[in-house]
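Only one structure is covered here, and it is reproduced in the block below.
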Amino acid sequence: MPTGLRLLTRGSWPESQRFAEILRRETVGGVLLLITAGAALIWANSPWSAAYRAVSDFAVGPESLHLNLTVSAWAADGLLAIFFFVVGLELKREFVAGDLRDPARAALPIAAAIGGMIVPAAVYIAINLAAGHPEHLDGWAVPIATDIAFALAVLAVLSTHLPTALRTFLLTLAVVDDLIAITVIAVFFTDHLSLGPLALSLIPIGLFAAVVQRGWHHWWLLTPLAVIAWALVHASGVHATVAGVVLGFAVPVLGRHGKPTAELFEHTMRPLSAGFAVPVFAFFAAGVTVGGWSGLGASLLHPVTDGVIAGLVIGKPLGVFATAFLLARFTHASLDDDLAWRDVFGVSLLAGIGFTVSLLIGELAFSHGTDAGADVKIGVLVGSVVAALLAAVVLLSRNAAYRRIHVIETTDADHDGVPDVYDTRQD
């Protein structure tokens, strides 16, 4: 018998407002991401491609501290730590005070994220084993992550009136995706582990946590502690971006006197992350020299490229959609009255847009400058574009219905600042 459980219903008005603010900022960051990635591709395939590689491979930093890294490595290990710091803040906020604290609401995005990891990884592994290339299985994790900024940039271009519940589902799914990706990076891509630096990193991390807990938010105090923690984690062999996540978790959701500390940090750091750190990383990560149409054609026949494309375009949407559908089937739940299963399928296709974390995992799986590493980049770029186009076809076909839902969601007849649909839910 039906239980009356509803999937993808609207959340509370404050939670919807918070998500709307995050979505606006991520959309701007996504547009910058697309611009910088496009610029990198053009430069890397121009007559001046040698200059691009020279800049990317230029090493800078103190050798004595094991920080003499190339510019591209600084972007991947250093700047992305800022991105993962924001991810850590989001995760803690969601699990402590957001929708993920409610098991009933958290079940769908968590289950969908897990399905969206297992199926694309299995697709990648199957393609490479069938092609007789087991040496390329290290790239199994490349198609597991969703790039929320890229996905939202696609929505901005489409101008689709995607309902709040679907946007929230996409964002929450991406947040859980990031948690899974962080775990994968920490567990599977740590080649060597030096316990000394890792143990020492607990000192600045602990001091950072203590300072934040006391309400001291001075940048000149927190930044040195964060940099020292990052450097020690980097020296330990654990990918340095993990330090960003841990420091994000150290920030309390509510600080002294009830101040929304995590939210304040997020508002401060998100523009730096979305507007600078991620676009710069994309600039150095996406610049692959294709070698003309013949080079692109040869790469598209390689099992690494095919595995990544199939994982993103087929595996990711299939994993997300099938998990959501099976969860509804076995719990006798139903979708919100305004939505249809093809809406969920459209969002599942958007989840196949992998970029930032996929490119990072590709660099970790295959050494920088290798043929397999170049194939990963082509696979991520092509797969993400194909997933975006397919999502556009599905979502645009429902745009008239989305406009109707948008009117319902924004109507405020009593002019109290809260749309009537949220007043109704609270009665």
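The values are calculated or read from the model by the stated rules, or taken from the named source; none is laboratory data. As the structure is a computational prediction, the values presented were derived from the model and not from experiment. Note that each Cβ is placed from the backbone with ideal geometry, even for glycine, and that neighbours are counted across all protein chains shown.
Which is assigned to a helix (DSSP H, G or I) and more than 28 Å from residue 136 (Cα to Cα), of 338, 343?
Just a single option satisfies the conditions, and that option is 343.
Could you run through the range 91-137 and say how many residues are part of a helix (DSSP H, G or I), surrounded by fewer than 17 Cβ atoms within 10 Å (Cβ to Cβ) and among the charged types (D, E, K, R)?
Residues that pass the stated criteria total 2.
Does at least one position in the range 186-197 carry a residue that is buried (at least 22 other Cβ atoms within 10 Å of the Cβ), touching a residue at least 24 places away in the same chain (Cβ under 8 Å) and under 16 Å from residue 358 (Cα atoms)?
no
Residues are listed down the side, and each one gets a yes or a no for (1) of a type outside the set (S, T, N, Q); (2) buried (at least 17 other Cβ atoms within 10 Å of the Cβ); (3) under 30 Å from residue 307 (Cβ atoms):
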site	(1), (2), (3)
369	yes, no, yes
374	yes, yes, yes
383	yes, yes, yes
387	yes, yes, yes
399	no, no, no
402	yes, yes, no
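Of all residues in the range 318-365, which are closer than 16 Å to residue 109 by Cβ and surrounded by fewer than 19 Cβ atoms within 10 Å (Cβ to Cβ)?
322, 325, 326, 327, 331, 335, 336
Mind listing whichever residues of the range 157-185 are at pLDDT 85 or above and either over 30 Å from residue 389 (Cβ atoms) or charged (D, E, K, R) (or both)?
177, 183
So which pairs qualify, if the first residue must be in the range 229-244 and farther than 18 Å from residue 184 by Cβ and in a helix (DSSP H, G or I), the second must be of a type in the set (S, T, N, Q) and at pLDDT below 90, the Cβ gap must be under 9 Å, and the two must be at least 6 apart or on different chains?
Note: pairs meeting the criteria are 230/241; 235/194.
I'd like the residue in the range 245-257 that is assigned to a loop (DSSP other than H, G, I, E, B) and among the hydrophobic types (A, V, I, L, M, F, W, C) and, out of all such residues, is surrounded by the most Cβ atoms within 10 Å (Cβ to Cβ).
251
Just one of 298, 277, 282, 210 is without any contact (Cβ under 8 Å) to a residue 12 or more places away in the chain, under 25 Å from residue 370 (Cα atoms), in a helix (DSSP H, G or I) and not hydroxyl-bearing (Ser, Thr, Tyr); which is it?
298
Is at least one residue of the range 258-266 free of Cβ contacts under 8 Å to residues at least 24 places away in the same chain, of a type outside the set (D, E, K, R) and outside any helix (DSSP H, G or I)?
For the range 258-266, residues free of Cβ contacts under 8 Å to residues at least 24 places away in the same chain, of a type outside the set (D, E, K, R) and outside any helix (DSSP H, G or I): present.
In the range 58-90, what count of residues is obtained for those that are part of a helix (DSSP H, G or I), free of Cβ contacts under 8 Å to residues at least 40 places away in the same chain and under 23 Å from residue 287 (Cβ atoms)?
Residues flagged as part of a helix (DSSP H, G or I), free of Cβ contacts under 8 Å to residues at least 40 places away in the same chain and under 23 Å from residue 287 (Cβ atoms) within the range 58-90 amount to 1.
Show the residue pairs meeting these rules: Cβ distance below 6 Å; 6+ apart or different chains; first residue within the range 156-184 and surrounded by 23 or more Cβ atoms within 10 Å (Cβ to Cβ) and among the basic types (Lys, Arg); second residue in a helix (DSSP H, G or I) and modelled with pLDDT under 80.
none
With of a type in the set (Phe, Trp, Tyr), in contact (Cβ under 8 Å) with a residue 40 or more places away in the chain and surrounded by fewer than 20 Cβ atoms within 10 Å (Cβ to Cβ) as the only criterion, which of 48, 43 stands out?
Residue meeting the stated conditions: 43.
So is residue 208 out of contact with any Lys or Arg (no Cβ under 8 Å at 6 or more places or on another chain), farther than 21 Å from residue 363 by Cβ and buried (at least 17 other Cβ atoms within 10 Å of the Cβ) or not?
So residue 208 fits the description; yes.
Which of the residues spanning the range 342-369 are touching a strand residue (DSSP E or B) at 6+ places or on another chain (Cβ under 9 Å) and of a type outside the set (A, V, I, L, M, F, W, C)?
Result: 343, 368.
Need the failing condition index for residue 314 against (1) within 19 Å of residue 136 (Cβ to Cβ); (2) touching a Ser or Thr at 6+ places or on another chain (Cβ under 7 Å); (3) among the β-branched types (Val, Ile, Thr); (4) surrounded by fewer than 24 Cβ atoms within 10 Å (Cβ to Cβ), just the number.
Evaluating residue 314 over (1) within 19 Å of residue 136 (Cβ to Cβ); (2) touching a Ser or Thr at 6+ places or on another chain (Cβ under 7 Å); (3) among the β-branched types (Val, Ile, Thr); (4) surrounded by fewer than 24 Cβ atoms within 10 Å (Cβ to Cβ) leaves (2) as the failure.
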